[in-house]
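This report refers to the structure that appears directly beneath it.
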Amino acid sequence: MKSILLLILKVIILTFLMFVLMAIGGLLVTPELDSSQVASASSASSMIRVSLVCLIDTILLTWFIVRSRITGLRLMVITTILFYGIKTFLSIIEYWFFIESDVTISNLFLSTVPMAVIFPIIAVPLLGKLKQGEGVESVSLILFDKDRKDWIWKILLLIVIVYPLIYFIFGYYVAWQNEAVRTYYNGVDYGGFFTHFSHTLKENPWLYFFQVGRGLIWVLLAILVIRSMKGGIWEVGLFTGLLFALIMNDSHLIPNPLMPPAVQKIHFIETASSNFIWGLSIVLLLAWRPGRREHSHKQ
């Protein structure tokens, strides 16, 4: 009981730290927004939402750090890569691909650097993961290491078929059915998934290849999680799904002067649900060994 209360106290401290670091990062973006936009994003309700986002991010990063097989500087670096890659890089490159904005993209890339870099430096020692402890085998890592010969076809399947399929299905049936989303992107519904998909690729033939590239980055981040965490496949899979779903998308809970609330809401539902399925799918497929049952029966 004492250890649980101590962990809760540490999470509260780290949440406050995340809040401060987010505010510092926000200063890199707000100078390019007019005063009315900044004021609308700084209400009391917004502060509650920001605190909730900081709490969600802190809980997920704490889960990763506490359940990690690695320690010290290596853990700090990997935590930074995961947080920044999911929270910022994968999100902003897609924003850049679709939207022309008055906000400098470089500023958006820099806005989360304080959180991504400083948070792990403080969280890792605070959570007792600075020094090397007793080695603990990971069920997920054991299975994953035995699957190295299958990496190529599994990764190709994930990035060429699975991710684009999840992305376009959720994009059409969840997001694009909403009129506010279509208006925001100046788009139309051509009627039916396959017709819409065909028109989309004709208008933007690079979109599929762009998403294949994003899918590869997602897979590489998932591999970092798999190789770092203790526990079994389902724990790692559940964590990866939640990490992908919430770290990137909980920012939609905060009023955004660049995006209408109705569009934010739909995008949160769309991307949180699809990213959870995507993250879980990566772990389960990479851990899956065809013929394992048959082999075990022969033994």
query = What ranking do 169-175, 276-282 get when scored by the average of other Cβ atoms within 10 Å per residue, highest first?
reply = 276-282, 169-175
message = Cβ neighbours within 10 Å, averaged per peptide: list 205-216, 76-87 in order, most packed at the top.
response = 76-87, 205-216
query = Counting pairs of alpha carbon atoms under 8 Å apart in space and at least six apart in sequence, what relative contact order in percent does the stretch 168-299 give?
reply = 30
Backbone HN-Hα couplings from phi across the stretch 59-76 [Karplus 6.51/-1.76/1.60, Hz, Gly and Pro as x] = 4, 5, 5, 5, 4, 5, 5, 5, 8, 7, 7, 9, 9, x, 4, 4, 5, 4
query = Once amide H atoms are built 1.01 Å from N in the peptide plane, which residues 5 or more positions from Met229, or in another chain, come under 5 Å H to H?
reply = Arg69
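Every number in this text was worked out from the coordinates using simple rules, so none of it is lab data. Computed from a prediction, not measured in an experiment: that's the story for all the values here. Cβ: placed from backbone, ideal geometry, glycine included. Neighbour counts: every protein chain shown.
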